[in-house]
Amino acid sequence: MLQQIADMLEFKNENPFKLLRIRCCRNDRVNGTPITEIAERGGAAELQKIPGIGKTISTHILEIVRTGKSLYFEELTQDVPRPCSTCGEYQASD
């Protein structure tokens, strides 16, 4: 889900530093430790020890880990066209 959030932010021409911070988490591992384990073990404080992850991104990660959903993701999907399933690019929604 973090990858999709980063893709939508890129489409919206958001701050490139924000994109880099989100993309650093997309592999779901930091130094071999799953992000979910870091979040479950230490919550936001532990996540924020990872370079580039601040309060906002740690909050998004915790929400995804705890609920499997992201309100931020849902908000972004309202503003960004759906990806074209055959070409991998964004297209205007019908």
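Derivation of every value follows stated rules applied to the coordinates shown; laboratory data play no part. Note that the structure is a prediction, hence the values are computed from the model and not measured. Cβ placement follows ideal geometry from the backbone for every residue including glycine, while neighbour counts extend to all protein chains displayed.
Computed values, structure above
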| read-out | value |
| --- | --- |
| For Val30, residues with placed amide H under 5 Å, excluding near neighbours | Ile35 |
| Order of Lys49, Lys18 - criterion: other Cβ atoms within 10 Å of each residue's Cβ, fewest first | Lys49, Lys18 |
| Check: segment 2-79 dipole with +1 on Lys, Arg Cβ and -1 on Asp, Glu Cβ, in debye | 280 |
| Principal axis dimensions, largest first and in whole angstrom, of segment 2-79 by Cα | 34, 24, 19 |
| Estimated vicinal HN-Hα couplings, Hz - segment 73-78 in sequence order (Karplus 6.51, -1.76, 1.60; Gly, Pro = x) | 4, 4, 5, 5, 5, 6 |
| Separation of the Asp79 and Gln4 label points, Cα + 7 Å toward Cβ, nm | 1.7 |
